[in-house]
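Asker: Okay, here's the structure, questions in a sec.
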Ligand SMILES: *Cc1c(COP(=O)(O)O)cnc(C)c1O
């Protein structure tokens, strides 16, 4: 088995254990393999080991990998998630190449994505990014803005709203971390109830370091990079973290 296949098995086992510990069915947590900074060959190794969902932060890099992987005839179709911040001038690439976007935090971006989503593709699956712990420099709408934005996004014809995404800052104290994760899940549940949108089924929450806590709180999709692919090397690839 390759190293990536091995690490993928380890992460899958960790997800299953965390789910069971929380009294949840392991299949209720979807694993998103975050392949940013890693080459197409690494994605290929994970795909051959059965991984289906992949996340990319940098649009151009992601599109290059999507095209490369689509050209590999022995692989099944993969599902690609955009999990990086999106400038207006990059919405067209996202709308044309990705299946999901987790980082919608303002209406203008959502409107462009809907306008630019090609008619032959299914609607783009969307999560609203929420800045749950209030870091001043972070992307994401405030928890107070989330319901209004979700309502507007849900009206856009070529988008399908699926839920919320958050990237809380790591906290050394496990109870404090769990409390932040629980706030994100509570916000999602309130949104689903108040909006009456029953298609909302996704809380994208938890990375390599905080996935146990996120699953305990009710995350339905964990985004794991280094746990599967190893440590990222930003310097030699000359991209900003
Ligand atoms: C890089 C990244 C991840 C994965 O982080 P790891 O700590 O490597 O698991 C998850 N989500 C987002 C939004 C990221 O940018």
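Asker: Based solely on its DSSP helices, what 222 nm [θ] is calculated for the chain when runs of n ≥ 4 H residues each add -39,500 (n - 2.57) and the sum is averaged over all residues, nearest 500 deg cm²/dmol? Write out the running numbers ahead of the final one.
Answerer: On the way: 10 runs with 107 residues, N = 241.
Result for the chain: -13500 deg cm²/dmol, rounded to the nearest 500.
Asker: Treat region 55-134 as a sphere of radius equal to its Kirkwood radius over Cα pairs and apply Stokes-Einstein at 25 °C in a medium of 0.890 mPa s; give the translational diffusion coefficient in µm²/s, rounded to a whole number. List each step's numbers first, then the result.
Answerer: Working: Rh = 13.1 Å.
Using the Kirkwood radius from Cα pairs, D works out to 188 µm²/s.
Asker: Still on this model: Label residue 72 and residue 201 with points 7 Å out from Cα along Cα→Cβ: what is the distance between them in nm?
Answerer: 2.7 nm
Asker: Quick one: grab the alpha carbon gyration tensor of region 157-241, order the square roots of its eigenvalues as a ≥ b ≥ c, and give me rounded if a/c is under 1.5, else prolate or oblate depending on whether a/b is larger than b/c.
Answerer: On the way: a/c = 2.70, a/b = 1.47, b/c = 1.84.
It comes out oblate by the Cα gyration axes.
Asker: Now for a separate question. Rg/Rh for region 94-232 to two decimals, with Rh computed the Kirkwood way over all alpha-carbon pairs.
Answerer: A ratio of 0.98.
Asker: Would you kindly compute the Cα radius of gyration of region 108-188 and its largest Cα-Cα separation (Dmax), both in Å?
Answerer: Answer for region 108-188, Rg first and Dmax second: 14.6, 48 Å.
Asker: Among DSSP beta bridges lying fully in the chain, give the percent that are antiparallel, nearest 5.
Answerer: Values: 0 of 26 bridges.
Among the beta bridges of the chain, antiparallel pairing accounts for roughly 0 percent.
Asker: Once you've got the GNM for the chain with C-alpha springs shorter than 10 Å, pick whichever of 190, 33, 42 has the biggest mean-square fluctuation.
Answerer: 190
Asker: Of 21, 229, 54, which has the largest mean-square fluctuation in a 10 Å C-alpha GNM of the chain?
Answerer: In this elastic network of the chain, the residue with the biggest mean-square fluctuation among 21, 229, 54 is 21.
Asker: Pairs of alpha-carbon atoms within less than 8 angstrom and 6+ residues apart define the contacts here; what relative contact order does the chain have, in percent?
Answerer: 20 percent
Asker: Could you grab the relative contact order for region 36-142? Cα pairs under 8 Å, six or more apart, rounded to a whole percent.
Answerer: On the way: 157 pairs, mean separation 22.0, N = 107.
Rounded, it is 21 percent for region 36-142.
Asker: Next question. If you build a Gaussian network model of the chain, linking Cα atoms that sit under 10 Å apart, which residue out of 129, 87, 12 swings the most?
Answerer: 87
Asker: For the chain, go through all pairs of different Cα atoms, get the mean of 1/r, take its inverse, and jot down that Kirkwood value in Å.
Answerer: On the way: mean 1/r = 0.0551 Å⁻¹.
The answer is 18.1 Å.
Asker: Once you have a ≥ b ≥ c as the square roots of the Cα gyration tensor eigenvalues for region 1-127, tell me rounded if a/c is under 1.5, and otherwise prolate or oblate according to whether a/b is larger than b/c. Display every interim value, and only then the final one.
Answerer: Values: a/c = 2.20, a/b = 1.42, b/c = 1.55.
Oblate, since a/c reaches 1.5 and b/c is not below a/b.
Asker: In whole Å, what is the distance between the alpha-carbon centres of region 109-131 and region 1-42?
Answerer: Centre-to-centre distance over Cα atoms comes out at 26 Å.
Asker: Between residue 89 and residue 64, what is the spin-label point distance in nm, taking each point 7 Å from the Cα along the Cα→C-beta axis?
Answerer: With each label point 7 Å from Cα toward Cβ, the separation is 1.8 nm.
Here, each number is a calculation from the coordinates, and none is a lab measurement. Everything numeric in this text was worked out from a predicted model, so none of it was measured. Note that we place each Cβ from the backbone using ideal geometry, even for glycine, and neighbour counts take in every protein chain shown.
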